[in-house]
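Engineer: Can you keep this structure in mind? I'll have questions shortly.
Only the coordinates and a few stated rules stand behind these numbers; no lab work does. In this text, all values refer to a predicted model and were calculated from it rather than measured experimentally. For neighbour counting, all protein chains shown are included, and Cβ atoms are generated from backbone atoms with ideal geometry for every residue, glycine included.
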Amino acid sequence: MKKPQVLHYDSRETNVVLKPGMTFTIEPMVNAGKKEIRTMKDGWTVKTKDRSLSAQYEHTIVVTDNGCEILTLRKDDTIPAIISHDE
């Protein structure tokens, strides 16, 4: 079985349909410079090509029959607090 390519950005070539039981992470990167990245020889570490500062945030999500559940929420986190643009 071929391992899936997991990108840090959206790709129109991806035809994945999410189904209950699938688990994945959302790992946005915020770069001080340009968006171009490179993966190091270890196949895991990702750096910006222009060597600018970068930060990454991660949550693990499981797809359910009724939507999804964020598995990595802390006790004091709420979904509206994470995604709200009103505050």
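Engineer: Find the residue count for the stretch 54-70, including only residues that are part of a loop (DSSP other than H, G, I, E, B) and either in contact with a helix residue (DSSP H, G or I) (Cβ under 8 Å, 6 or more places away or on another chain) or within 28 Å of K35 (Cα to Cα) (or both). Break it down stepwise before answering.
Structural biologist: Keep residues of the stretch 54-70 that are part of a loop (DSSP other than H, G, I, E, B), which gives 57-58, 65-66.
Going one step further and asking which of them are either in contact with a helix residue (DSSP H, G or I) (Cβ under 8 Å, 6 or more places away or on another chain) or within 28 Å of K35 (Cα to Cα) (or both), we end up with 57-58.
Within the stretch 54-70, residues that are part of a loop (DSSP other than H, G, I, E, B) and either in contact with a helix residue (DSSP H, G or I) (Cβ under 8 Å, 6 or more places away or on another chain) or within 28 Å of K35 (Cα to Cα) (or both) number 2.
Engineer: Specify the residue that is farthest from L71 (Cα to Cα); the eligible residues are those in the stretch 16-33 that are touching a His at 6+ places or on another chain (Cβ under 9 Å) and in a strand (DSSP E or B).
Structural biologist: Of all residues in the stretch 16-33, those touching a His at 6+ places or on another chain (Cβ under 9 Å) come to 25-29.
The next check asks that each one be in a strand (DSSP E or B); those that pass are 25-26, 29.
Numbers: T25: 10, I26: 11, M29: 20 Å.
For the stretch 16-33, the residue satisfying everything is M29.
Engineer: Which residue pairs have Cβ atoms under 6 Å apart, sit 6 or more places apart or on different chains, and have a first residue in the stretch 31-50 that is without any contact (Cβ under 8 Å) to a residue 12 or more places away in the chain and a second that is part of a loop (DSSP other than H, G, I, E, B)?
Structural biologist: R38/K49
Engineer: While we're here: Would you be able to tell me the number of residues in the stretch 53-68 that are surrounded by 13 or more Cβ atoms within 10 Å (Cβ to Cβ) and either among the β-branched types (V, I, T) or over 12 Å from L18 (Cβ atoms) (or both)? Lay out the reasoning, then the answer.
Structural biologist: First pass over the stretch 53-68, keeping only residues surrounded by 13 or more Cβ atoms within 10 Å (Cβ to Cβ): 54, 59-63, 68.
When the remaining residues are screened for being either among the β-branched types (V, I, T) or over 12 Å from L18 (Cβ atoms) (or both), the result is 54, 59-63.
Residues that pass the stated criteria total 6.
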